[in-house]
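Student: Here it is, the structure, as structure tokens.
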Amino acid sequence: MKALTVIPLQPGSASLVDLPDPEPSEGELLVDGVALGICGTDIEIVSGEYGWAPPGEERLVLGHESLGRVRTAPSGSDFAEGDLVVGVVRRPDPVPCGACGAGQFDMCLNGEYTERGIKQIHGYGSTMWTVEADYAVRLDASMESVGVLMEPTTILAKAWDHIARIGARAYTEQKRVLVTGAGPIGLMAALLGSQRQLEVHVLDRVESGLKPDLVRDLGATYHHTSIEEAVGECEPDVIIEATGVGQLVFDAMSNTRPGGIVCLTGVSPTGRELTVDAGAVNRELVLENDVVFGSVNANLRHYEIARDALMAADRSWLERLITRRVPLSEFADALDRRDDDVKVVIDLAA
Ligand SMILES: [Zn+2]
């Protein structure tokens, strides 16, 4: 099989290599790769900033946004040949910690979790792959064109699940959400917000084009002003921050309604300094009973929520999120980010 691999922490090491076809262990599915989504984490890994090869190996097979078709399934499993499946990214740590022991490996407490295509286990960026049946999620056969969006959707399924749970701690209102950033994560945050019947606002820098169109087609309001102006217009109860831009993170924390919830999903580079009135931020959070929380990854329950969200979404809206499809042989093109990209997908079957 062909696999897209990198030597972690070595910039420019991405290459397509021939590997022996994988052999499924007991309880595993053998899957033909259909598509692989590329995200910021993949770009970081390819840039040599992040990632871990499996113990004792030099190269890591890249890729965690998966979509494949079952070639063989273990007898007695819920899967059959031809099923469209997505593989879960994270695996619980081997100890396991309390969270992993409770099936909430997205909340792992000791950091010893592993992740397909990121941390110590090969990813889904190959023409064939295997996955434990317990960590595979079947999609409806109609989802072939958009199923690769499952993994990013799970990130927002978790975020919204936690927003609802945090909001339920007392009387709070969740009527309006402001999403900062109209990339794939921000747009998915907006989609799930609209599915929850919230009034949705999205803030991004671009003034025209696909991103504003996608926002408006959700029935949401697009802003390309400052966050202060956007907040003034929409008075959000919830902010989902999806840029990781330090200034926006602090602006978000200071600009909710009382009882507001800010969910941070973007990862910032470190080492950049920002002048912040820490006292004012503290005062705002305390006096308004606000909550700021970070959210990463997803557990099996969130994959179920994400699948339902994708099934309920307008199919053509989802298809428009995928702005480029690139054959595996031209992977370098997929890893080269362009300004007008939303989601770039590598076609593994081509
Ligand atoms: Zn753990």
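Student: Select from region 190-235 the residues that are closer than 26 Å to Ile166 by Cβ and at pLDDT below 95 and list them in ascending order.
Tutor: Scanning region 190-235 gives Ile227, Glu228, Ala230, Val231, Gly232, Glu233, Cys234, Glu235.
Student: Which of the numbered conditions does Ala230 fail, given that it passes all the others? Conditions: (1) over 15 Å from Val179 (Cα atoms); (2) in contact with a His (Cβ under 7 Å, 6 or more places away or on another chain); (3) aliphatic (A, V, I, L, M).
Tutor: Answer for Ala230: the failing condition is (1).
Conditions tested, residue by residue: (1) closer than 22 Å to Phe331 by Cα; (2) near the ligand (Cβ under 9 Å from one of its atoms).
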residue: Gly68; (1), (2): yes, no
residue: Ala73; (1), (2): no, no
residue: Ala80; (1), (2): no, no
residue: Val88; (1), (2): no, no
residue: Pro92; (1), (2): no, yes
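Student: Got a sec? Which of Gly76, Gly82 is in a loop (DSSP other than H, G, I, E, B), within 19 Å of Pro24 (Cβ to Cβ), modelled with pLDDT under 95 and not hydroxyl-bearing (Ser, Thr, Tyr)?
Tutor: Numbers: Gly82 fails: modelled with pLDDT under 95.
It is Gly76.
Student: For region 9-33, name all the residues that are surrounded by 21 or more Cβ atoms within 10 Å (Cβ to Cβ) and either over 21 Å from Val344 (Cβ atoms) or hydrophobic (A, V, I, L, M, F, W, C) (or both).
Tutor: Ala14, Glu28, Leu29, Val31
Student: Give the number of residues within region 94-118 that are among the acidic types (Asp, Glu) and either out of contact with any strand residue (DSSP E or B) (no Cβ under 9 Å at 6 or more places or on another chain) or within 9 Å of the ligand (Cβ to nearest atom) (or both).
Tutor: 1
Student: Among the residues of region 48-61, which ones are small (Gly, Ala, Ser), surrounded by 16 or more Cβ atoms within 10 Å (Cβ to Cβ) and without any contact (Cβ under 8 Å) to a residue 60 or more places away in the chain?
Tutor: Gly48
Student: Restricting attention to region 99-141, report how many residues are small (Gly, Ala, Ser), without any contact (Cβ under 8 Å) to a residue 24 or more places away in the chain and either in contact with a helix residue (DSSP H, G or I) (Cβ under 9 Å, 6 or more places away or on another chain) or buried (at least 16 other Cβ atoms within 10 Å of the Cβ) (or both). Before you say what the answer is, go through the steps one by one.
Tutor: Of region 99-141, the ones small (Gly, Ala, Ser) are 99, 101-103, 111, 117, 123, 125-126, 133, 136, 141.
Subset that is without any contact (Cβ under 8 Å) to a residue 24 or more places away in the chain: 99, 101-102, 111.
Applying the additional criterion that residues be either in contact with a helix residue (DSSP H, G or I) (Cβ under 9 Å, 6 or more places away or on another chain) or buried (at least 16 other Cβ atoms within 10 Å of the Cβ) (or both) yields 99.
Counting residues in region 99-141 that are small (Gly, Ala, Ser), without any contact (Cβ under 8 Å) to a residue 24 or more places away in the chain and either in contact with a helix residue (DSSP H, G or I) (Cβ under 9 Å, 6 or more places away or on another chain) or buried (at least 16 other Cβ atoms within 10 Å of the Cβ) (or both) gives 1.
Student: For the condition surrounded by 16 or more Cβ atoms within 10 Å (Cβ to Cβ), polar (S, T, N, Q) and more than 17 Å from the chain's Cα centre (by Cα), what is the one hit in Thr5, Thr72?
Tutor: Unique residue meeting the criteria: Thr5.
Student: Against the conditions (1) among the hydroxyl-bearing types (Ser, Thr, Tyr); (2) in contact with a Cys (Cβ under 9 Å, 6 or more places away or on another chain); (3) surrounded by fewer than 13 Cβ atoms within 10 Å (Cβ to Cβ), where does Ser295 fall short? Just the number, please.
Tutor: For Ser295, the exception is condition (3).
Student: Here is a further query. Do the conditions hold for Val148, that is, is it away from the ligand (no atom under 16 Å from the Cβ) and surrounded by 16 or more Cβ atoms within 10 Å (Cβ to Cβ)?
Tutor: yes
Student: Further question on the same structure: In region 219-239, how many are β-branched (Val, Ile, Thr) and assigned to a helix (DSSP H, G or I)?
Tutor: 2
Student: Would a scan of region 212-221 turn up a residue that is in contact with a Cys (Cβ under 8 Å, 6 or more places away or on another chain), surrounded by 17 or more Cβ atoms within 10 Å (Cβ to Cβ) and touching a residue at least 12 places away in the same chain (Cβ under 8 Å)? Steps first, answer last, please.
Tutor: Going residue by residue through region 212-221, those that are in contact with a Cys (Cβ under 8 Å, 6 or more places away or on another chain) are 221.
Keeping just the survivors that are surrounded by 17 or more Cβ atoms within 10 Å (Cβ to Cβ) gives 221.
The next check asks that each one be touching a residue at least 12 places away in the same chain (Cβ under 8 Å); those that pass are 221.
Yes, because at least one residue in region 212-221 is in contact with a Cys (Cβ under 8 Å, 6 or more places away or on another chain), surrounded by 17 or more Cβ atoms within 10 Å (Cβ to Cβ) and touching a residue at least 12 places away in the same chain (Cβ under 8 Å).
Student: Okay, moving on. Conditions first: (1) modelled with pLDDT of 95 or more; (2) under 22 Å from the mean Cα position of the chain (by Cα); (3) more than 16 Å from the ligand (Cβ to nearest atom); (4) within 27 Å of Gly266 (Cβ to Cβ). Ser13 passes all but one, so which condition is the exception?
Tutor: Failing condition for Ser13: (2).
Student: Specify which of the listed residues (Glu273, Glu330, Glu284) is farther than 28 Å from Ile166 by Cβ, in a helix (DSSP H, G or I), more than 18 Å from the chain's Cα centre (by Cα) and among the acidic types (Asp, Glu).
Tutor: Glu330
The values are calculated or read from the model by the stated rules, or taken from the named source; none is laboratory data. Predicted model only: the values in this text are computed from it and were never measured. Note that each Cβ is placed from the backbone with ideal geometry, even for glycine, and that neighbours are counted across all protein chains shown.
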